[in-house]
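This report concerns only the one structure given below.
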Amino acid sequence: MFTAPRSLAALALLALGACATASADRLSTVTVDGREYELRTRTIDGPGGQFETTSVRVRGGYALCKIDSPGDCAAAVRRGRESGVRDND
């Protein structure tokens, strides 16, 4: 389950996405409990300049995470796995 601050951050990014375009995607992986999960870091061209977002693919969807914050993407994977949605990986 996502916490209120994470939900608000996701909504803010969606709102920014309405007037921004992705200029680049970089793919990498994170290993959590012996399994690899895809990380997607996007460079976004927005009205205030460029910024980056990172999300991890889990159970057929993406969850936002902070790639520079130790353990944040692994925590996002674990939250996603606990969501009860069928795992497509």
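What follows is calculated from the coordinates using simple rules that are stated; it is not laboratory data. On a predicted model such as this, the values are computed, not experimentally measured, just so you know.
Collect residues whose amide H, placed 1.01 Å from N in the peptide plane, falls under 5 Å from the amide H of R59; neighbours closer than 5 in sequence don't count.
N88, D89
Could you give each residue of segment 36-44 its phi-based ³J(HN,Hα) in whole Hz, using Karplus coefficients 6.51, -1.76, 1.60 with θ = phi - 60°, and x for Gly or Pro?
8, 10, 6, 9, 10, 9, 10, 8, 10
If all Cα-Cα distances of segment 23-89 are sorted into 5 Å bins from 0 onward, what percent lands in each bin, rounded to whole numbers?
Per 5 Å bin, starting at zero, the Cα-Cα P(r) for segment 23-89 comes out as 4, 18, 27, 24, 13, 8, 4, 1 percent.
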